[in-house]
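See below for the structure under consideration.
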Amino acid sequence: MVELSLIRDFLACFGVIAGFSYYVLTVRASQNNMRRTLETRQISLIDNIVTRSMGEHGFRNFFELMRYEWTDYADFEKKYGSENNVEATAKRFAVWQDYNLIGLMLRKGLVESDDLFDMGVQGVIFLWEKYRPIIEEERNRYLGQNFLKDFEYLAGEMLKVVQKRESTYVVPETLDKYVPDP
């Protein structure tokens, strides 16, 4: 005959196992909820930034920046620098900082490069190529070598995505003007 103490010990072990199992399931559910909340916040942040930079106002600023023309850094400063054209400087820095922030999120792994590309962020390639000499000069003269590093990183990653998808891709000379075939 089974002794009462054996039954009591068995029930106590069963209770400990059930309690531990409940604790593990609760911790896992809590971790999953926290992960989902974090992912939702990240998606919301990315959506906010991409929507701002890719809304009508953002595109207007982007294409305006793509139409700026200059011969060298001195000419650029004369036409679009903060001393002579505060509005152009503000637009330029607003667009550059949006792309820099998106690049920061990409570098930190908060978003995937393929997803950004599919959302239309690949235009950053054109803007980076156009303004690279200006940004490099501003790094050398004023703001240090880390200025807009994540903007540069984002453009490089978008170029990798487009080249992975289309191996013969070459960055066109212009984005907003028709260039007929030779």
Just wondering, is there one or more residues in region 50-62 that are in a helix (DSSP H, G or I), over 21 Å from the mean Cα position of the chain (by Cα) and among the aliphatic types (A, V, I, L, M)?
no
Within region 61-93, take every residue that is buried (at least 18 other Cβ atoms within 10 Å of the Cβ), aromatic (Phe, Trp, Tyr) and at pLDDT 90 or above and give me the one that is farthest from GLU137 (Cα to Cα).
TYR80
Of all the residues that make up region 115-157, how many are under 21 Å from GLU39 (Cα atoms) and at pLDDT below 90?
7
Scan region 5-12 and give yes if some residue there is more than 19 Å from the chain's Cα centre (by Cα) and within 29 Å of LYS164 (Cα to Cα), otherwise no.
no
Taking only pairs six or more apart or across chains, which ones have beta-carbon atoms under 8 Å, a first residue in region 81-97 that is within 9 Å of ASN61 (Cβ to Cβ) and among the β-branched types (Val, Ile, Thr), and a second residue that is crowded, with 16+ Cβ neighbours inside 10 Å and at pLDDT below 95?
VAL95/SER53; VAL95/GLY58; VAL95/ASN61; VAL95/PHE62; VAL95/LEU65; VAL95/LEU127
Of the residues in region 99-147 that are without any contact (Cβ under 8 Å) to a residue 24 or more places away in the chain and under 19 Å from the mean Cα position of the chain (by Cα), the one that is farthest from ARG41 (Cα to Cα) is ARG132
Scan region 134-167 for residues that are more than 20 Å from LEU104 (Cα to Cα) and small (Gly, Ala, Ser) and report the count.
1
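The values are calculated or read from the model by the stated rules, or taken from the named source; none is laboratory data. These numbers were taken from a predicted model, which means no experiment stands behind them. Backbone-built Cβ (ideal geometry, glycine too); neighbour counts: all protein chains shown.
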